[in-house]
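Encoded as structure tokens, the structure appears first; notes follow it.
The values are calculated or read from the model by the stated rules, or taken from the named source; none is laboratory data. All figures in this text were calculated on a predicted structure; none of them were measured in a lab. We place every Cβ from the backbone using ideal geometry, glycine too, and count neighbours over all the protein chains shown.
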């Protein structure tokens, strides 16, 4: 026999013995709650039950000082940081969307013209992901025997956790759950059956009511707040009837009303059970990985704000859903045979009106979506005395993209244009800091330099990146949002629970990128390429 083949067989045999260790969990479940700042766990603690969040905190390792250390605390960058152990400068997912300088088009982070989504007109894949996930490594290290599947209310959350080698990334699309033909040639029969049962449409005309007694909510003020749900102020108090609109002014998704309710989380957990049952999770010696991404919390937080009755209610309901899911996992696998990780992709800033209501002279406000771009345009046109050309292609997700054609037409140095604009923006009231592309690639003494550098990806990032002052939010269409490097957006919980894991609470400063490194260590597999996370001290001695 060829010596190389003999060595390969020997290596693979040793490799399989490592992967099939008896002390490895049968199943890993990684739950990411979209828009869930760490302080929610303390704020609503007394209203949680004993066997949801509080059970995981008391019986696992809970890190309360976990912080994303990039600038753009959004859904896509957050989920990708969790799954890859890297930030946007390495994984390419700098924001939910960016401007392509060549095509002059806005690029959605998971769009891909080559891969169609079943039963929709969308096209999606992990094409824009420039590295690999913890799930990809699990597939590689198990000779593709491990199952890796994700489920989410959003396509980007599902795809950017399932990664390049995942068996499937499922998400809610209107009245169905679907995936892309990047992962599968067709929807499995059990998914088709789930959709044919019209589970999502069964919630039409359902009513979302408060879970607790009214007096519990009254501790947080009134339910009828003028700045809540600024898209549709006729629907800003309980109860909320779930209606499916044929046309919504502020939404491309006609089922957003359903997605922004606790009922979508119920669907996510129900479908998660179907995955575990129909995909034979935990049936062999190879650890399987399920990503569960709860999107309802984000939709509700945006619509009503973090100080609303609705956010309080969905948080308490999420606690109860996690309790029920833990009970299910115990019956199906035994809790000694699983690892469960709970975290979030980002926090939330809240509505500036809330602060102004309490302290009327506060220097906080909304910045209209076009205000920054219009300001930049006027500065450069005035400076160069050019009125018939645009200097700005677009300003999106705190990135300002200069028009190279205009700059070349007037024989200007792009670095000079960047610096002129930067100096003006530094004195513009909503702006806390701004860096040019040259500064992003080199050293700068800005207090936010490291955060911005981690979110800079050459060819995708703008010519300038700016940071708003605390509690300034760049939206006029939703009540509350996120995206800045401040604690309210960056500080999220990390909880590890399992037989191998210590019971402790830690205030050690860490980051969600440490999840991929730590889980790799627990499973004895290779870390994702470029993984910058550290291995957290969670394992029992």
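Some points to look at:
- Boolean, residue 408 is under 28 Å from the mean Cα position of the chain (by Cα) and exposed (fewer than 15 other Cβ atoms within 10 Å of the Cβ): no
- Filter pass, residue 165 being farther than 19 Å from residue 82 by Cβ, at pLDDT 95 or above and assigned to a loop (DSSP other than H, G, I, E, B): no
- Test result for residue 380, assigned to a loop (DSSP other than H, G, I, E, B), at pLDDT 95 or above and in contact with a helix residue (DSSP H, G or I) (Cβ under 9 Å, 6 or more places away or on another chain): no
- Among residues of the stretch 70-85 being in a loop (DSSP other than H, G, I, E, B) and touching a helix residue (DSSP H, G or I) at 6+ places or on another chain (Cβ under 6 Å), the one that is surrounded by the fewest Cβ atoms within 10 Å (Cβ to Cβ) is 70.
- Looking across the stretch 107-138, the residues that are assigned to a loop (DSSP other than H, G, I, E, B), over 26 Å from residue 515 (Cβ atoms) and touching a strand residue (DSSP E or B) at 6+ places or on another chain (Cβ under 8 Å) come down to 118, 119, 120, 122.
- Options 456, 466, 488: the member that is crowded, with 18+ Cβ neighbours inside 10 Å, under 28 Å from residue 368 (Cβ atoms) and out of contact with any strand residue (DSSP E or B) (no Cβ under 8 Å at 6 or more places or on another chain): 488
- Residue in the stretch 210-232 that is closer than 24 Å to residue 26 by Cβ and buried (at least 20 other Cβ atoms within 10 Å of the Cβ) present: no
- Matching residues, the stretch 168-189, being surrounded by 13 or more Cβ atoms within 10 Å (Cβ to Cβ) and not in a loop (DSSP other than H, G, I, E, B): 168, 169, 170, 171, 172, 173, 176, 177, 178, 180
For every residue, the table says whether it meets (1) modelled with pLDDT under 95; (2) farther than 16 Å from residue 372 by Cβ.
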residue	(1), (2)
391	no, no
394	no, no
399	no, no
403	no, no
413	no, yes
418	no, no
421	no, no
428	yes, no
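- Any hit, the stretch 213-226, residues being closer than 20 Å to residue 277 by Cβ and touching a residue at least 24 places away in the same chain (Cβ under 8 Å): no
- Here residue 385 meets each of (1) free of Cβ contacts under 8 Å to residues at least 24 places away in the same chain; (2) in contact with a helix residue (DSSP H, G or I) (Cβ under 7 Å, 6 or more places away or on another chain) with one exception, condition (2).
- Within the stretch 379-397, the presence of at least one residue that is under 20 Å from the mean Cα position of the chain (by Cα), within 26 Å of residue 94 (Cβ to Cβ) and outside the structural domain of residue 228 (by TED's automatic domain parsing) is confirmed.
- Restricting 422, 331 to those that are under 30 Å from residue 502 (Cα atoms), over 29 Å from the mean Cα position of the chain (by Cα) and in a helix (DSSP H, G or I) reduces the list to 331.
- Pairs with Cβ under 9 Å, 6+ apart, first in the stretch 314-338 and without any contact (Cβ under 8 Å) to a residue 12 or more places away in the chain, second surrounded by 19 or more Cβ atoms within 10 Å (Cβ to Cβ): 330/338; 334/26
- Wholly within the stretch 446-541, strands (runs of 3 or more DSSP E) carrying at least 3 residues that are more than 18 Å from residue 66 (Cα to Cα): 464-468
- Flag for residue 438 being modelled with pLDDT under 95, over 22 Å from the mean Cα position of the chain (by Cα) and part of a helix (DSSP H, G or I): yes
- Subset of the stretch 191-209 that is at pLDDT 95 or above and surrounded by 13 or more Cβ atoms within 10 Å (Cβ to Cβ) - its residue that is farthest from residue 314 (Cα to Cα): 192
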